[in-house]
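Take a look at the structure set out below.
The values are calculated or read from the model by the stated rules, or taken from the named source; none is laboratory data. Computed from a predicted model, the values in this text were never measured in an experiment. Here the Cβ positions follow ideal geometry from the backbone for every residue, glycine too, while neighbour counts run over all protein chains shown.
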């Protein structure tokens, strides 16, 4: 009798694994983020950089206002490249730029901002990268333009002159 | 042209499988002697796959863009070397390579196993053919490398520049030799279990295959790691990326198997371990393929993802798992109890201890890789598992593992007593003092680091001593264990002593710290065959006056349009100096990242030493006591 328990147990175990992998395949978009625009922004809670407070996304993104969510990290070299563009955009236009500090080290991030300046109204922390997944980000840097709690434009990779022009057009 | 020949050749290859199966079954029942037709047919099948593979290589070399795979992954301006390596740098081509190795290995197996039992050889071939057919159908149905496109495009899309690297060009073939070698072990173990053929002779014969796969797998992982270090420019060599993990898991299983086979060869015990490990090594390799190619995981290794492919491998994988389970439970019987008994302080015990540690490491890696998928399906919660998880769960357990590695080989079979206890304790004291001295100079967690470094030093000193006074029982084992201690020491010191600086500089500027200064001298722009290169020249000067010129490079590729950063790495036996440069847009500044990484080269050397231990054991069969 004892000899029969193990095979049955293992078979059941592998059948369950099979089923789970099968289900996993059914939703192949698990980690492949959707690119469609006009998607509602996710609801999440995040720590604010430099404080111990947490904030809910509902309290950040108000209606009838443009927001730019920029995912960045101090270890990400293209983020440095686009930083000056963010700063100039912040100076020129009435737009709230929100930073999402992705999988970063606090000291390095602080140094980064000290060195290059901060265009951000608020910086949220995403230590383990889960918020970025909620947003459907491919990686860093990535930038989302938000209006009425909807993503109206998404830029994958660093910003350049063209994408900044486009953002300016959109928020006119 | 070459593409069509390749495609037809694939169909012929698949048909030979059925002929082989037909003749094998007939031969299995009827005749006493092995039918040579089977060997000829296996050779024919190999030939068809070779033709098909050459067809794909030729399509790449001639930049035949009517072939979809070539169009997606090649470009006319690409250097010839990378056109050829581009053949297996993509999903379709790499599967064809996998198939090539499968057919090659079973052919080699047949011609080198002539002294083995006839039925065992045929059954191994049959199991192997099941795998081969699975791959044939997988390639033809879901990943055909010879798809035709019309109208024929004028230019291809190009190979991802980060894949254009010599280490990466040979990394997949070497790794596949390791993976596929494990398929031979798998088939052979199933055959031997079914026929109750597991014996000391069988262990001796299959040990060769275990060693071959193990050496290739070790070298394959090493090459991947070297590539990550030199090409990705992140300054690390292991990231616990899911794809790295899936190559590490079969390695852990295979290493454990290697130790068990040695026991089986001498003592005819631990047979269940051997069977289970042979099955797991191959199924882990297959799961790796499933996880990477189905798009269920997210990783730096991006293959074109297609759920159909995932489904196919999933069904195939689980069919193999259930076949193995069936064979294991219906045919496998453990040996007589008398032979199994051994005293608690013996070589058998030490190998069992090794097994359990390895299984623990394997479980940690497996859970870290698979658990996020399970959690997502069950609760739609997303988590990502990173290096801290692995470091926290694995590093503390290395301490007893290293100590066991030092003492285990000193024991005898069945029953043993430790000789030279004084010596062993003396070395332990020396290691602890030495480590405490080194660690106390630094501002790090004293207790954990001292214990960790001393256990690594202990293994290092014990194996080193054995080399010097030639008191080892088994030279290959001593070499491999010595290499492992060196690997752990290098990784530890590399982590403890690394430094890093990130700054923005423009030409002519100097950056100073207490220990050194970096002077940005000039930049140079060059046009190459398929990219534009920008090289910066930096003078890094130490306080005592020695200086090094560092020349990091930026490459702007034309097809596809990607900028890659080529780190400049100056290696010597004590440390690596590592510098990367990046453009800061619309500014005259360049972003500079400068790192010093001590003992980097010793990480590579120690892995080479470890595989050399295996190589020596493969060629020099004499095994002392």
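In the range A:1-14, is there at least one residue being buried (at least 18 other Cβ atoms within 10 Å of the Cβ) and either away from every other protein chain (no Cβ under 14 Å) or modelled with pLDDT of 85 or more (or both)? Full working, then the answer.
First, pick out the residues of the range A:1-14 that are buried (at least 18 other Cβ atoms within 10 Å of the Cβ): none.
Looking through the range A:1-14, none of the residues is buried (at least 18 other Cβ atoms within 10 Å of the Cβ) and either away from every other protein chain (no Cβ under 14 Å) or modelled with pLDDT of 85 or more (or both).
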Of all the residues that make up the range A:69-99, how many are surrounded by fewer than 16 Cβ atoms within 10 Å (Cβ to Cβ) and modelled with pLDDT of 80 or more?
-> 2
Scan the range B:569-587 and give yes if some residue there is modelled with pLDDT of 75 or more, part of a loop (DSSP other than H, G, I, E, B) and crowded, with 19+ Cβ neighbours inside 10 Å, otherwise no.
-> no
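Any residue that is loosely packed, with under 11 Cβ neighbours inside 10 Å, modelled with pLDDT of 85 or more, closer than 30 Å to residue B:155 by Cβ and outside the structural domain of residue B:74 (by TED's automatic domain parsing) - is there at least one of those in the range B:528-543?
Initial filter on the range B:528-543 (loosely packed, with under 11 Cβ neighbours inside 10 Å): B:529, B:543.
Now drop any that are not modelled with pLDDT of 85 or more, which leaves none.
Scanning the range B:528-543, I find no residue that is loosely packed, with under 11 Cβ neighbours inside 10 Å, modelled with pLDDT of 85 or more, closer than 30 Å to residue B:155 by Cβ and outside the structural domain of residue B:74 (by TED's automatic domain parsing), so the answer is no.
So, of the residues in the range A:40-57 that are in a loop (DSSP other than H, G, I, E, B) and surrounded by 14 or more Cβ atoms within 10 Å (Cβ to Cβ), which turns out to be nearest to the other protein chains (Cβ to nearest Cβ)? Before the answer, list the steps.
The first filter runs over the range A:40-57 and keeps only residues in a loop (DSSP other than H, G, I, E, B), leaving A:41-44, A:49-53.
From what's left, surrounded by 14 or more Cβ atoms within 10 Å (Cβ to Cβ): A:41, A:44, A:49.
Details: A:41: 16, A:44: 11, A:49: 19 Å.
Within the range A:40-57, the match that is nearest to the other protein chains (Cβ to nearest Cβ) is A:44.
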Residues in the range B:495-504: is at least one in contact with a strand residue (DSSP E or B) (Cβ under 8 Å, 6 or more places away or on another chain) and modelled with pLDDT of 85 or more?
-> no
Under 7 Å by Cβ, and 6 or more places apart or on different chains, what pairs join a residue from the range B:454-483 that is under 16 Å from residue B:424 (Cβ atoms) with one that is modelled with pLDDT under 90 and part of a loop (DSSP other than H, G, I, E, B)?
-> B:466/B:472; B:473/B:624; B:473/B:625; B:478/B:472
Just one of B:372, B:409, B:396, B:400 is modelled with pLDDT of 80 or more and within 14 Å of another protein chain (Cβ to nearest Cβ); which is it?
-> B:372
Might you check whether a residue that is farther than 24 Å from residue B:134 by Cβ, assigned by TED's automatic domain parsing to the domain that holds residue B:107 and in contact with a strand residue (DSSP E or B) (Cβ under 9 Å, 6 or more places away or on another chain) occurs anywhere in the range B:1-14?
-> yes
Kindly indicate whether any position in the range A:58-68 is closer than 26 Å to residue B:563 by Cα, away from chain B (no Cβ under 14 Å) and either at pLDDT 80 or above or in a loop (DSSP other than H, G, I, E, B) (or both).
-> yes
